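Peer 1: Quick one: the structure is below, questions incoming.
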Amino acid sequence: MKAISSIGIPNHNVAVQATARGPTAFYGCTARIHHGQKVVHDPVRHGFVEDSFIAKPLQVHFQTLQFDTYFVWHICEHDGPVVGLSRFGAYRSKLGAMVLDRKIPTRVGIGECFQYGSKIVLVTQWISPSLEISLRLMDNSQESQFSQASAGPTRGTDLEDRESPSGIAQLKVSERFVSRQGEGRLTGVESFFIRTSGCNLRCHFCDTPYASWNPQGDLTKVDDLVLAALKTGLTHVVLTGGEPMLPKEIVGLTQKLREVGLHITIETAGTIDRDVECDLMSISPKLASSTPSADKHPRWNALHSQRRMPIDAMRRLIDRSDEFQLKFVVTSADDFNEIEEVVSALQTQPNDVWIMPEGVTNEAMDKATAWLNPLCEARGYQYCDRMQIRWYGNRRGT
Ligand SMILES: Nc1nc2[nH]cc(C(=O)O)c2c(=O)[nH]1
Ligand code: SF4
Ligand SMILES: [Mg+2]
């Protein structure tokens, strides 16, 4: 016979019961309750019992505690039936194993990316009282559910929406880089730039001929671009070109970038309207003075003239974005007459208008500022520098 006055229950590892194999918890610690021993009083008190007393294990109400304060970010479980998300019912077969990155954009809080075989799993922690988790399963081997692009753009006559032969949403990208936004109202904001290759216009002064006159680049999966944007840890993405509104896949790309909470600027000439998600629509209507020479480029002279100023499409682009700006590249004071016509046709305010000098050197910009500034001031327009040239010189990837 044995007197039992109290039973000590060591309670570390209790939380592991929430999973079959013990997940790796927040910051890589084993999930556990953090206060030592719990004491359960003997209901028999000072009496004696004949048979040995078998303590019934405490029921694990700690299961819920596990996620009340923190969400488990890393899940490194390879085997076993269930990964330890007792509240969310996530199964190991859904969540892969290898952590790809831990960059967390500040705007909404991206949890984690995992790769499992050909699959990429994006676990997003939305900052809300209920700590919701949204799981996105992106299968590299087939177009994901977010890659649908909508039809109905305003298009030039010889442009078609090509289907990717593989069926995977991809865009021709000439470069992507991190830099500070050098133009317009977000000047100075560090951003991830994606430059699509290809343009439906041919400005004679184009500063990115490798994305227009001589389009270069690699077909890149939309999903890879989203992951690359997330990996930078930045909150702002700039889609530029070439003409980024030309490939229909831009719609899916903007949807996914929005889905993960990134701020999207689209730098466009405004000739193509698509159903994109956009925070700042940065429209640079191309003036008559941008037209290429009829002698040297008769075909592009005609196409450029025909396509460059569809006011209706520009107006729709303005309406579908939270914010917009109109950026005009000017070559002489004569351009201001056309600018005034466009601003009036679009029914926009002078303070939405930014005037940029043509030129890709500090000297050219300084020279232009002298005659541009008074013209801008008189009309309430803003002078727009190309700060990237002052910061980095005229170099690709900046
Ligand atoms: N830093 C930087 N800012 C930019 N703003 C608009 C750009 C463009 O090429 O569209 C650009 C660019 O290429 N670089
Ligand atoms: S619209 Fe832009 S990318 Fe296209 S040719 Fe003109 S400057 Fe170059
Ligand atoms: Mg540029």
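Peer 1: Report the residue count in the range 186-201 for those that are within 10 Å of ligand 2 (Cβ to nearest atom) and touching a His at 6+ places or on another chain (Cβ under 9 Å).
Peer 2: Initial filter on the range 186-201 (within 10 Å of ligand 2 (Cβ to nearest atom)): 195-201.
Within this subset, residues satisfying the condition of being touching a His at 6+ places or on another chain (Cβ under 9 Å) are 200-201.
Counting residues in the range 186-201 that are within 10 Å of ligand 2 (Cβ to nearest atom) and touching a His at 6+ places or on another chain (Cβ under 9 Å) gives 2.
Peer 1: I would also like to ask the following. May I ask you to verify whether residue 301 is open to solvent by less than 50 Å² (accessible area, probe 1.4 Å) and farther than 15 Å from residue 184 by Cβ? Lay out the reasoning, then the answer.
Peer 2: Details: open to solvent by less than 50 Å² (accessible area, probe 1.4 Å): yes; farther than 15 Å from residue 184 by Cβ: yes.
In short, yes.
Peer 1: A further question on this structure: For the range 206-223, what are the residues that are charged (D, E, K, R) and either away from ligand 3 (no atom under 11 Å from the Cβ) or within 24 Å of the chain's Cα centre (by Cα) (or both)? Full working, then the answer.
Peer 2: Our first condition is that a residue be charged (D, E, K, R); within the range 206-223, this holds for 207, 218, 221, 223.
Those that are charged (D, E, K, R) and either away from ligand 3 (no atom under 11 Å from the Cβ) or within 24 Å of the chain's Cα centre (by Cα) (or both): 218, 221, 223.
Peer 1: What is the residue count in the range 178-196 for residues that are in a loop (DSSP other than H, G, I, E, B), within 13 Å of ligand 3 (Cβ to nearest atom) and among the small types (Gly, Ala, Ser)?
Peer 2: Within the range 178-196, residues that are in a loop (DSSP other than H, G, I, E, B), within 13 Å of ligand 3 (Cβ to nearest atom) and among the small types (Gly, Ala, Ser) number 1.
Peer 1: OK, next. Give me the pairs, please: first residue somewhere in the range 361-379 and more than 26 Å from residue 395 (Cα to Cα), second residue anywhere and open to solvent by less than 30 Å² (accessible area, probe 1.4 Å) and modelled with pLDDT of 95 or more, beta-carbon distance under 6 Å, and either six or more positions apart or on two chains.
Peer 2: From the range 361-379, the pairs are 375/336; 376/355.
Peer 1: OK, next. Which of the residues spanning the range 235-255 are open to solvent by 10 Å² or more (accessible area, probe 1.4 Å), within 11 Å of the chain's Cα centre (by Cα) and either among the β-branched types (Val, Ile, Thr) or more than 13 Å from ligand 1 (Cβ to nearest atom) (or both)?
Peer 2: The first filter runs over the range 235-255 and keeps only residues open to solvent by 10 Å² or more (accessible area, probe 1.4 Å), leaving 235-236, 240, 242, 246-249, 255.
Going one step further and asking which of them are within 11 Å of the chain's Cα centre (by Cα), we end up with 235-236, 255.
Within the range 235-255, 235, 255 qualify.
Peer 1: Give me a count of the residues in the range 362-398 that are surrounded by 13 or more Cβ atoms within 10 Å (Cβ to Cβ) and in a loop (DSSP other than H, G, I, E, B).
Peer 2: Summing the residues that are surrounded by 13 or more Cβ atoms within 10 Å (Cβ to Cβ) and in a loop (DSSP other than H, G, I, E, B) in the range 362-398 gives 6.
Peer 1: A follow-up question, please. Would you pick out the residues in the range 202-231 that are more than 16 Å from ligand 2 (Cβ to nearest atom), of a type in the set (A, V, I, L, M, F, W, C) and in a helix (DSSP H, G or I)? Outline the logic, then answer.
Peer 2: Going through the range 202-231, the residues more than 16 Å from ligand 2 (Cβ to nearest atom) turn out to be 218-231.
Still in the list and also of a type in the set (A, V, I, L, M, F, W, C): 219, 222, 225-230.
If the condition is that a residue be more than 16 Å from ligand 2 (Cβ to nearest atom), of a type in the set (A, V, I, L, M, F, W, C) and in a helix (DSSP H, G or I), then 222, 225, 226, 227, 228, 229, 230 are the ones that fit.
Peer 1: Scan the range 269-308 residue by residue and report those that are within 29 Å of the chain's Cα centre (by Cα) and within 13 Å of ligand 2 (Cβ to nearest atom). Write out each step before concluding.
Peer 2: Restricting attention to the range 269-308, the residues satisfying the condition of being within 29 Å of the chain's Cα centre (by Cα) are 269-286, 308.
Once the filter is applied, which keeps residues that are within 29 Å of the chain's Cα centre (by Cα) and within 13 Å of ligand 2 (Cβ to nearest atom), the range 269-308 yields 269, 270, 271, 272, 282, 283, 284, 285, 286, 308.
Peer 1: Go through the residues of the range 262-278 one by one and say whether even a single one is farther than 29 Å from residue 393 by Cβ, open to solvent by less than 20 Å² (accessible area, probe 1.4 Å) and free of Cβ contacts under 8 Å to residues at least 60 places away in the same chain. Explain how you work it out, then say what you get.
Peer 2: Kept after step one, since they are farther than 29 Å from residue 393 by Cβ, are these residues of the range 262-278: 271-278.
Now restrict to residues that are open to solvent by less than 20 Å² (accessible area, probe 1.4 Å): 271-274, 276, 278.
Pick out the ones that are also free of Cβ contacts under 8 Å to residues at least 60 places away in the same chain and you get 276, 278.
Yes, the range 262-278 contains at least one residue that is farther than 29 Å from residue 393 by Cβ, open to solvent by less than 20 Å² (accessible area, probe 1.4 Å) and free of Cβ contacts under 8 Å to residues at least 60 places away in the same chain.
Peer 1: Starting from residues that are of a type outside the set (S, T, N, Q) and farther than 15 Å from residue 336 by Cβ, keep the ones in the range 276-285 and report whichever is farthest from ligand 3 (Cβ to nearest atom). Walk me through it before giving the result.
Peer 2: In the first step, residues of the range 276-285 are kept if they are of a type outside the set (S, T, N, Q); the result is 276-281, 283, 285.
This time we only want the ones that are farther than 15 Å from residue 336 by Cβ, so: 276-281, 283.
Details: 276: 19, 277: 22, 278: 18, 279: 19, 280: 16, 281: 16, 283: 14 Å.
Checked the range 276-285; the qualifying residue farthest from ligand 3 (Cβ to nearest atom) is 277.
Peer 1: Six or more apart or on different chains, Cβ atoms under 6 Å: show the pairs whose first residue is in the range 228-247 and within 20 Å of residue 211 (Cα to Cα) and whose second is within 16 Å of ligand 3 (Cβ to nearest atom) and assigned to a helix (DSSP H, G or I).
Peer 2: Correct list of pairs: 241/211; 242/211.
Peer 1: Quick check: is even one residue across the range 246-254 part of a loop (DSSP other than H, G, I, E, B) and closer than 16 Å to residue 177 by Cβ?
Peer 2: Our first condition is that a residue be part of a loop (DSSP other than H, G, I, E, B); within the range 246-254, this holds for 246-249.
Still in the list and also closer than 16 Å to residue 177 by Cβ: none.
Within the range 246-254, not a single residue is part of a loop (DSSP other than H, G, I, E, B) and closer than 16 Å to residue 177 by Cβ.
The values are calculated or read from the model by the stated rules, or taken from the named source; none is laboratory data. Remember, it's a predicted structure, so these values are computed and weren't measured experimentally. Glycine gets a Cβ as well: all are built from the backbone with ideal geometry, and neighbour counts include every protein chain shown. Heavy atoms of the whole protein, side chains included, go into the accessibility calculation; ligands, DNA and RNA do not. Shrake-Rupley method; radii C 1.70, N 1.55, O 1.52, S 1.80 Å.
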